[in-house]
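Quick notes on the structure that follows.
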Amino acid sequence: MDSLISQIDINRLPKHIAIIMDGNGRWAAEQGKERLYGHYHGVESVRNIVEGSSELGIGCLTLYAFSTENWDRPQQEVSGLMALLADTVRKEVPLLNKNNIKLHVIGDMSMMPPFAVKALEESMFLTSQNNGLNLIMALSYSSRWEITNAVKNIAQDVIAGKVNADEINQDTVHQYLATGKFPDPELMIRTSGEFRISNFLLYQLAYAELYFTDTRWPDFRKENLYEAIIDFQNRERRFGKTGAQIQQEEAIA
Ligand code: IPE
Ligand code: IPE
Ligand code: MG
């Protein structure tokens, strides 16, 4: 683990890492257990990865914990997940404060049970003075919900005279998204072998490097995160330019 971390260039960390935490259900099934057992173990991975990101000095970490589509799962799994979520965000406040981590939530809170919203709001308030890692939980979140919401809000502000339609640009769109305060993710990780985006940060991931691993979320630990970051740092991010241009820019810098 020490040798892995020593391969990371601390000056070229991704400013924002986004993770689709997938595979809890399959992990549980492989142990002959119910799906919720996988979700409980997934919490340990969340703790480990949040701590690892904070130790490295990552600015933002977005964790996809529950999608809009996940409301269609069996009712017992949904209510178990909501209870686990509320319990976890409450219990983790001391650790978040100890590590100077600020909690944020993106997603459609109107669909969440009130006890879960209350727990989230309390934990956000109690960590609001921290200025280290921004931990952004995507809950009851989907990118199409977010984009639709942004379009609606921009339209309302145009009608109210707060925004001039001719002046709408990419920065305007960025600001109206739920992640408006944060830079776009530079690295997106999905665990458990699925190669899809599942309605996650469609706009924001435009130029993110994508990293897929077969590791199931409950098995994902700091070492796996380091591997993803090392992989990220070995890629050439061209942003539409040629490789020669990028190498020239790096030589000058
Ligand atoms: C990810 O694990 C957690 C949530 C979506 C809440 P899954 O529950 O999707 O696990 P698999 O994909 O069925 O294994
Ligand atoms: C995506 O995982 C959502 C979360 C990780 C919260 P899913 O397991 O719900 O995604 P699909 O449906 O397999 O694409
Ligand atoms: Mg899944």
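The values are calculated or read from the model by the stated rules, or taken from the named source; none is laboratory data. These figures come from a predicted structure and were not determined experimentally. Note that we place each Cβ from the backbone using ideal geometry, even for glycine, and neighbour counts take in every protein chain shown. Please note that ligands, DNA and RNA were not included when accessible areas were found on the heavy atoms of the full protein model with its side chains. Shrake-Rupley method; radii C 1.70, N 1.55, O 1.52, S 1.80 Å.
For 41, 104, what's the largest-to-smallest order of accessible area, 1.4 Å probe?
41, 104
Using a simple spin-label model with points 7 Å from Cα along the Cα→Cβ vector, what separation in nm is obtained for residue 195 and residue 118?
Placing both labels 7 Å beyond Cα along the Cβ direction yields 4.7 nm.
Which of the listed residues, 85, 10, 113, is farthest toward the dipole's positive end in the range 1-122, when Lys, Arg count +1 and Asp, Glu count -1 at the beta-carbon?
10
Quick one: Karplus J couplings for the range 239-250, per residue in order, coefficients 6.51, -1.76, 1.60, θ = phi - 60°, nearest Hz, x for Gly and Pro?
With the stated coefficients, the range 239-250 comes to 6, x, 7, 8, x, 4, 4, 5, 5, 5, 4, 5 Hz.
Using only the alpha-carbon atoms, what does the range 121-253 span along each of its principal axes? Please give whole angstrom values in decreasing order.
49, 43, 33
For residue 203 paired with residue 95, estimate the spin-label separation in nm (one decimal), with each label point 7 Å from Cα along the Cα-to-Cβ line.
Calculated label separation equals 3.3 nm.
Taking the Cβ of residue 250 as the centre, find all other residues whose Cβ is under 12 Å away and add up their charges (Lys, Arg: +1; Asp, Glu: -1).
It works out to a net charge of +2.
Using only alpha carbon positions, build the gyration tensor of the chain, then give the equivalent ellipsoid semi-axes as the square roots of 5 times its eigenvalues, largest first, whole angstrom.
Output for the chain: semi-axes of 28, 26, 18 Å.
Relative contact order for the range 1-85 using alpha-carbon pairs under 8 Å, separation at least 6, rounded to a whole percent?
36 percent
Suppose each label sits 7 Å from its Cα in the direction of the beta carbon; what would the residue 78-residue 156 distance come out to in nanometres?
2.5 nm
Just check the range 33-183 against the gyration tensor rule for me: Cα atoms, a ≥ b ≥ c as the square roots of the eigenvalues, rounded for a/c under 1.5, and otherwise prolate or oblate depending on whether a/b exceeds b/c.
Oblate, because a/c is 1.5 or more while a/b does not exceed b/c.
Which translational diffusion coefficient, to the nearest whole µm²/s, is obtained for the range 1-121 from the Stokes-Einstein equation, given a Kirkwood hydrodynamic radius over C-alpha pairs, 10 °C and 1.306 mPa s?
99 µm²/s
Can you count the Lys pairs in the chain whose Cα atoms are under 23 Å apart, with each pair 8 or more apart or on different chains?
Taking the Cα cut-off of 23 Å, the pair count is 17.
Starting from the range 184-253, pick out the chymotrypsin sites (Phe, Trp or Tyr not before Pro) whose DSSP state is loop and whose Cβ has at most 16 other Cβ atoms within 10 Å.
Here the sparse-neighbourhood loop sites are 195, 203, 207, 239.
Would you compute, from DSSP H runs of 4+ residues alone, the mean residue ellipticity of the chain at 222 nm, taking -39500 (n - 2.57) per run and dividing by the full residue count, rounded to the nearest 500?
It comes out at -14000 deg cm²/dmol, rounded to the nearest 500.
Out of the range 108-166, which trypsin sites (Lys or Arg not before Pro) are coil in DSSP terms and have no more than 13 other C-beta atoms within 10 Å?
Passing both the DSSP loop test and the Cβ count: 162.
Per residue, how large is the accessible surface of the chain? Use a 1.4 angstrom probe and give square angstrom.
Each residue of the chain exposes 52 Å² on average to a 1.4 Å probe.
In percent, what relative contact order does the chain have, based on Cα pairs under 8 Å that are 6 or more apart in sequence?
That works out to 28 percent.
Near residue 168, within a Cβ-to-Cβ distance under 15 Å, what is the net charge of the other residues, with Lys and Arg +1 and Asp and Glu -1?
-2
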